[in-house]
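Heads up: the structure comes next, in structure tokens.
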Amino acid sequence: MNISKHTQQKMLEFTRQVIESRLGLKSSPKVVINDPIMKEKRGVFVTLKKDENLRGCIGFIEGVKSLREVLEEMAEAAAFEDSRFPPLTASELSKIKIEISVLSPLRKIDDPYKIRLGIDGVIVSDGYRKGVFLPQVATETGWNLAEFMNALCTEKAGLPKNAWKSQDVQIMIFQSESFFEE
């Protein structure tokens, strides 16, 4: 994808301003991002970390809205709607670091052994059960392919650990470009 450093910085500023606005600390976001990618229909995840610990992460996998629209929605969702955490407070905001992951279009694969750990994000699905790991999960955990896929099936999709080896399970991959506040 190669999103320019300038656009990455503007996207991070925009995301922070969305959260500040929702907290009542500022008016609506003022950042203007003049990059054509903002009009593309892309999936995106917004991750919030506090003291290097996860504080919220919500994403939209498939591109059905413009990147700008989805980025705004996911910024609010990560800060205020992640059911694993209470809503973010104004007093926490200065300790929060924002990470954005912009996703490529999804692609179905038939051979899970072609998954490139640390490069491909993966979605497994079987009926209504679905789970997703971003590419960086493999890098952050140090898992091999079997550990990665077993955890994806059990922890995210609620499937048996070896379900990814079954022909009944659909596997989709994507790549992401991730960047974060310094």
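When segment 69-97 is limited to residues that are charged (D, E, K, R) and surrounded by 13 or more Cβ atoms within 10 Å (Cβ to Cβ), the one that is farthest from residue 54 (Cα to Cα) turns out to be 69. Just one of (1) assigned to a helix (DSSP H, G or I); (2) modelled with pLDDT of 95 or more; (3) buried (at least 20 other Cβ atoms within 10 Å of the Cβ); (4) of a type in the set (A, V, I, L, M, F, W, C) fails for residue 100. It is (1). Each residue in segment 103-117 was checked for being surrounded by 14 or more Cβ atoms within 10 Å (Cβ to Cβ) and either assigned to a loop (DSSP other than H, G, I, E, B) or hydrophobic (A, V, I, L, M, F, W, C) (or both), and 6 pass.
Among the residues of segment 167-182, those identified as over 21 Å from residue 3 (Cβ atoms) and either modelled with pLDDT of 95 or more or of a type in the set (Val, Ile, Thr) (or both) are 169, 170, 171, 172.
Go through segment 66-105 and give me each residue that's of a type in the set (Gly, Ala, Ser) and more than 11 Å from residue 46 (Cα to Cα). Residues satisfying the conditions are 66, 83, 90, 91, 94, 104.
Just so you know, in segment 12-38 the residues that are part of a loop (DSSP other than H, G, I, E, B) and in contact with an Asp or Glu (Cβ under 7 Å, 6 or more places away or on another chain) include one that is nearest to residue 178 (Cα to Cα), and it is 31. Considering 46, 64, 70, the condition of being assigned to a helix (DSSP H, G or I) and either closer than 26 Å to residue 6 by Cβ or touching a Lys or Arg at 6+ places or on another chain (Cβ under 7 Å) (or both) is satisfied by 70 alone.
For segment 141-174, a residue qualifies if it is part of a loop (DSSP other than H, G, I, E, B) and under 21 Å from residue 54 (Cα atoms), and the qualifying residues are 142, 143.
Matching residues to (1) surrounded by 15 or more Cβ atoms within 10 Å (Cβ to Cβ); (2) among the acidic types (Asp, Glu); (3) within 14 Å of the chain's Cα centre (by Cα):
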{"site": "2", "(1), (2), (3)": "no, no, no"}
{"site": "8", "(1), (2), (3)": "yes, no, no"}
{"site": "13", "(1), (2), (3)": "yes, yes, no"}
{"site": "52", "(1), (2), (3)": "no, yes, no"}
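Looking at segment 123-161 only, could you name the residues that are among the β-branched types (Val, Ile, Thr) and either surrounded by fewer than 17 Cβ atoms within 10 Å (Cβ to Cβ) or modelled with pLDDT of 95 or more (or both)? Scanning segment 123-161 gives 123, 124, 139, 141, 154.
Residue 28 meets the conditions (1) under 15 Å from residue 75 (Cβ atoms); (2) modelled with pLDDT of 95 or more; (3) surrounded by fewer than 13 Cβ atoms within 10 Å (Cβ to Cβ) in every case but one. The failed one is (2).
Restricting attention to segment 91-141, the residues that are out of contact with any strand residue (DSSP E or B) (no Cβ under 8 Å at 6 or more places or on another chain), acidic (Asp, Glu) and closer than 20 Å to residue 179 by Cβ add up to 1.
The values are calculated or read from the model by the stated rules, or taken from the named source; none is laboratory data. Bear in mind that the values here come from a model prediction, so they are computed numbers and not experimental data. Here the Cβ is made from the backbone with ideal geometry for all residues, glycine too, and neighbour counts use every protein chain on show.
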